[in-house]
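The values are calculated or read from the model by the stated rules, or taken from the named source; none is laboratory data. Computed from a prediction, not measured in an experiment: that's the story for all the values here. Positions of Cβ are backbone-derived with ideal geometry, glycine not excepted, and every protein chain shown enters the neighbour counts.
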Amino acid sequence: MNIIIQLILLVALISINLVFSYKGKRLYLLYETSHFLGGFLLAVLLFNYLDKNLVLLAILTISILWEIYEFIINKNKKIKKYLENKFRYFITPATFSDTFLDILLNILGALFYLYLF
């Protein structure tokens, strides 16, 4: 039952990001907070199955794959336009500093959980 609650929280976090993404830069702190919370919640979920070090490695891997996904979406104008028109999903331009900050916040969220528990 605990795993179901964790999955629901992760889906809720992603849904909140999707719903409010059309606000763009006005809710920038929401997106950065969601990276921290996403790392935290993924650590909660993965800690049930993996060692502490493997949890960090898994979150780093997931973070990098997510940022690659964002980069591909950002560079492909057809997909970007489709997401913006169909779902009102705002995609910020990919920059190195934003990508690095997102990955760092995911890791910090995971480290915070691992520190607490």
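Restricting I79, I64 to residues that are free of Cβ contacts under 8 Å to residues at least 60 places away in the same chain and closer than 25 Å to L111 by Cβ narrows the list to I64. Residue check: is S21 of a type in the set (S, T, Y), surrounded by 12 or more Cβ atoms within 10 Å (Cβ to Cβ) and at pLDDT below 85? So S21 fits the description; yes. Among the residues in the range 49-69, are any loosely packed, with under 15 Cβ neighbours inside 10 Å, more than 29 Å from F117 (Cα to Cα) and at pLDDT below 90? Yes, the range 49-69 contains at least one residue that is loosely packed, with under 15 Cβ neighbours inside 10 Å, more than 29 Å from F117 (Cα to Cα) and at pLDDT below 90. Of everything in the range 102-117 that's out of contact with any helix residue (DSSP H, G or I) (no Cβ under 7 Å at 6 or more places or on another chain) and either within 18 Å of V19 (Cα to Cα) or not hydroxyl-bearing (S, T, Y) (or both), which residue is surrounded by the most Cβ atoms within 10 Å (Cβ to Cβ)? Residue satisfying both the conditions and the ranking: L111. Starting from residues that are more than 11 Å from the chain's Cα centre (by Cα) and in contact (Cβ under 8 Å) with a residue 40 or more places away in the chain, keep the ones in the range 38-59 and report whichever is nearest to I107 (Cα to Cα). Filtering the range 38-59 for residues that are more than 11 Å from the chain's Cα centre (by Cα) and in contact (Cβ under 8 Å) with a residue 40 or more places away in the chain, the one nearest to I107 (Cα to Cα) comes out as L56.
Scanning the range 82-100 for residues that are without any contact (Cβ under 8 Å) to a residue 24 or more places away in the chain, surrounded by fewer than 13 Cβ atoms within 10 Å (Cβ to Cβ) and not charged (D, E, K, R) yields a count of 6. A search for C-beta distances below 8 Å between a residue of the range 101-113 that is touching a residue at least 12 places away in the same chain (Cβ under 8 Å) and any residue that is crowded, with 21+ Cβ neighbours inside 10 Å and of a type in the set (F, W, Y), counting only pairs 6+ apart in sequence or on different chains, returns G109/F40; A110/F40; F112/F40; Y113/F40.
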